[in-house]
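What follows is a single structure, written as structure tokens, with notes after it.
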Amino acid sequence: MAQQEKEQKEPGKKSYRTADEKREDYLGSSKTQSEWKERVLQIRRVTKVVKGGKKLSFRAVVVVGNGKGMVGVGVGKSNEVIGAIQKAIIEGRKSLIQVPIFKKSIPHPILSKAGAGKILLKPAAEGTGLIAGGSARSVLELSGIENILCKSLGSDSPLNIARATIKALSELRRFKDVANARGLTIEQMLN
């Protein structure tokens, strides 16, 4: 509605819309749209050598999250880019994990490795922001974490870093769970 009102007020100006706005118009109203957000990390053209020569296809790496503690990474391959992205989104939604968020950050520091990708995550004070780069930043943003320090130590492959970040987030433990395992209350454990 607001878009149409702007167009009516300024008929001579051309309106520019983002890809998300165009997709919302194509798929329907944004109010009926789900809370899940997808972000494409990488699209690669890959080849497979077969008897007749080389067979070309595309591989897409996508992060799916709701910004409220749920995030997943998916990889899809297809002969077309759109098909690869759709398959990656479906796989990402199947591999969702729950992230324990404590004061808009993480409960404790953690170092994790997946393949050759190695990542270090440290909790940060309120107002620090998201200090991370590459695919780790996308994973952390879509999980809903707002204050964190992150450093990639191993491979710079987007898929390895995304998987290492997901693994680190899945290995995080809440204070309540640790206190229960030790047979203490949270107050006793923190003092």
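Taking other residues whose beta carbon is less than 14 angstrom from the beta carbon of PRO107, and scoring Lys, Arg as +1 and Asp, Glu as -1, yields +4. Are any of the pairs LYS55/LYS77; LYS122/LYS151; LYS48/LYS94 more than 19 Å apart by Cα-Cα distance, and if so, which? Correct reply: LYS48/LYS94. Going by neighbour counts of Cβ atoms within 10 Å, the residues VAL178, VAL71, VAL50 line up, fewest first, as VAL50, VAL178, VAL71. Packing order of peptides 72-83, 137-148, 114-125, highest average first: 137-148, 114-125, 72-83 (average count of other Cβ atoms within 10 Å over each peptide's residues).
Once the chain from ASN79 to LYS122 is taken as fully extended at 0.36 nm per residue, the excess over their C-alpha distance is 11.5 nm.
Taken together, the values in this text are just the output of simple stated rules run on the coordinates, not laboratory data. All values reported here derive from a predicted model rather than from experimental measurement. Methodologically, a virtual Cβ is constructed for each residue, glycine included, from the backbone with ideal geometry; neighbour enumeration extends over all protein chains shown.
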